[in-house]
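Here's the structure, in structure tokens; my notes come after.
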Amino acid sequence: MISAAQHTFLIKQKAAALGFSFCGISKATFLEQEAPRLEKWLKEGKNGQMQYMENYFDKRLDPRLLVDGAKSVISFLYNYYSEIKQDDTEAPKISKYAYGEDYHFVLKDKLQELLQYIRETIGEVNGRAFVDSAPVLERAWAVQSGLGWVGKNSNIINKGSGSFFFLSELILDLELEYDKPATDHCGTCTACIDACPTDAIVQPHTVDGSKCISYFTIELKDAIPTQMKGTFDNWMFGCDVCQDVCPWNRFSKPHHEPRFVSNESLLSMKKQDWLDITEDVFSQVFKNSPVKRTKYNGLKRNIDFLFNND
């Protein structure tokens, strides 16, 4: 009979072959320390209009409510760092994670392939794949699985590779070997707090989602509040400021994922091209892109907010 250690080795080996940068495993249990933090964050309204964060509170804290008989949470980091930048320095900016194909599709495909491999190699295993679209506290599990710590900007930071990673999980009813939780290495550094254009990092490790540029440009469906005028540092979709200034990201290395290769049409657009963007151009440039989430009207709203003086 194959042991938990052998199962763990096979899974981590396959994850590496699929391109995952890091894979860690923790015991599926109730996240006791996270419960009061999440409750406080929600009560203070730091989720803004992201009302979905208030749903399935119990499931967010206990993976056994998501997968019957769950025993293990496997956490993954997938690198998306790119050294390539948009050609026009005056053009409105897009977060690095949106340069290529939508990560939801890319990672879901890889996780499904890994789950299929587990079932073919190990046997009948009940499990589900999660990519940023279900009630899973991804960062808490990444810490528990030893992949990194929650930085003061609330991103997962890996000591050797920085923070430009997508997080995802497999929750399985399979006993595995568990990794030790990661420890914090932010020290006294406040680079991300000092650099945040909208002061969204209200205290170390706590981001007021309702003040974050990513929230305003992606999540918010209403008009952007006029008092935010002049604070967006030219970001029209997402924001990388708190990661760009993080000292740990000096260790970031460019990704090797073909599906994340930067869209040349997007990177070559000039400021005026963005100002004149039509719905047809939007559909062509952002086919299979995470930017489609804002829809044409949302992106146009963001661009107008940056450059219109009304």
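The values are calculated or read from the model by the stated rules, or taken from the named source; none is laboratory data. Because the structure is a prediction, the values reported are computed rather than measured. Counting neighbours? That spans all protein chains shown, and the Cβs are built from the backbone with ideal geometry, glycine included. Note: accessible area is taken over every heavy atom of the protein model, side chains too, but ligands, DNA and RNA are not part of it. Shrake-Rupley method; radii C 1.70, N 1.55, O 1.52, S 1.80 Å.
Scanning the range 94-112 for residues that are open to solvent by 10 Å² or more (accessible area, probe 1.4 Å) and either assigned to a helix (DSSP H, G or I) or more than 23 Å from I156 (Cα to Cα) (or both) yields a count of 9. Determine, yes or no, whether N249 is part of a loop (DSSP other than H, G, I, E, B) and in contact (Cβ under 8 Å) with a residue 40 or more places away in the chain. The answer is no for N249. All but one of (1) over 16 Å from the mean Cα position of the chain (by Cα); (2) of a type outside the set (V, I, T); (3) surrounded by 21 or more Cβ atoms within 10 Å (Cβ to Cβ) hold for N126; which doesn't? Result: N126 passes all but (3).
Go through the range 185-209 residue by residue and tally those that are among the hydroxyl-bearing types (S, T, Y) and touching a helix residue (DSSP H, G or I) at 6+ places or on another chain (Cβ under 9 Å). Final tally of qualifying residues: 2.
Given the structure, is P204 modelled with pLDDT under 95, out of contact with any strand residue (DSSP E or B) (no Cβ under 8 Å at 6 or more places or on another chain) and open to solvent by 50 Å² or more (accessible area, probe 1.4 Å)?
Details: modelled with pLDDT under 95: yes; out of contact with any strand residue (DSSP E or B) (no Cβ under 8 Å at 6 or more places or on another chain): yes; open to solvent by 50 Å² or more (accessible area, probe 1.4 Å): yes.
The answer is yes for P204.
Here C23 meets the list (1) exposed (fewer than 14 other Cβ atoms within 10 Å of the Cβ); (2) modelled with pLDDT of 95 or more; (3) not small (G, A, S) almost entirely, failing just condition (1). Looking across A5, A16, A91, one residue alone is at pLDDT 95 or above, open to solvent by 20 Å² or more (accessible area, probe 1.4 Å) and closer than 27 Å to D244 by Cα. It is A16.
Regarding the range 284-305, can at least one residue be identified that is among the β-branched types (V, I, T), modelled with pLDDT of 95 or more and open to solvent by 10 Å² or more (accessible area, probe 1.4 Å)? There is no residue in the range 284-305 that is among the β-branched types (V, I, T), modelled with pLDDT of 95 or more and open to solvent by 10 Å² or more (accessible area, probe 1.4 Å). Between T217, T183, the distinction of being open to solvent by less than 20 Å² (accessible area, probe 1.4 Å) and either in a loop (DSSP other than H, G, I, E, B) or polar (S, T, N, Q) (or both) belongs to T217 only. The condition of being under 16 Å from K93 (Cα atoms) and in contact with a Phe, Trp or Tyr (Cβ under 9 Å, 6 or more places away or on another chain) holds for only one of K253, K271, K295, that being K271.
Taken over the range 132-152, residues that are in contact with a Leu (Cβ under 9 Å, 6 or more places away or on another chain), surrounded by 23 or more Cβ atoms within 10 Å (Cβ to Cβ) and in a loop (DSSP other than H, G, I, E, B) amount to 3. Would you please name the residue that is farthest from I213 (Cα to Cα), looking only at residues in the range 252-283 that are open to solvent by less than 70 Å² (accessible area, probe 1.4 Å) and under 19 Å from the mean Cα position of the chain (by Cα)? Ranking the qualifying residues of the range 252-283, first place goes to E257.
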